[in-house]
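The values are calculated or read from the model by the stated rules, or taken from the named source; none is laboratory data. Quantities reported herein were computed from a predicted structural model and do not represent experimental measurements. Cβ coordinates were reconstructed from backbone atoms using ideal geometry, including for glycine residues, and neighbour counts include every protein chain displayed.
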């Protein structure tokens, strides 16, 4: 995952370029295309770029995690149990989020910290 703005910019540009190439490859011939077809193709490309961008930006945010997470039930310090993936529905579409999962060694409660 990119560690700075230049790397993130490069990743986003590559994603946009792939989406544009896919749209152009799937575009019907000029004499067969309709305005509705153009609208559909550009809308699909825009959604793909938006979802990829959102997912990349979410990964940057997910790299930050709290130093300590405390159990809401027994107030013990919780242990990290690795990353868990989940599909999340946003206002702009579905993306995959990956978050750190914590488990309480005392009571077994699990949780994802806010963020």
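Condition check ((1) assigned by TED's automatic domain parsing to the domain that holds residue 7; (2) in contact (Cβ under 8 Å) with a residue 24 or more places away in the chain; (3) farther than 30 Å from residue 6 by Cβ; (4) surrounded by 11 or more Cβ atoms within 10 Å (Cβ to Cβ)) across all residues:
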position: 22; (1), (2), (3), (4): yes, yes, no, yes
position: 73; (1), (2), (3), (4): no, yes, yes, yes
position: 85; (1), (2), (3), (4): no, no, no, no
position: 90; (1), (2), (3), (4): no, yes, no, yes
position: 104; (1), (2), (3), (4): no, yes, yes, yes
Name the residues in the range 106-115 that are touching a residue at least 40 places away in the same chain (Cβ under 8 Å) and within 25 Å of residue 52 (Cβ to Cβ), would you? 115
So in the range 26-49, with the set limited to residues that are at pLDDT 90 or above, out of contact with any helix residue (DSSP H, G or I) (no Cβ under 8 Å at 6 or more places or on another chain) and assigned to a helix (DSSP H, G or I), which one is nearest to residue 90 (Cα to Cα)? 46
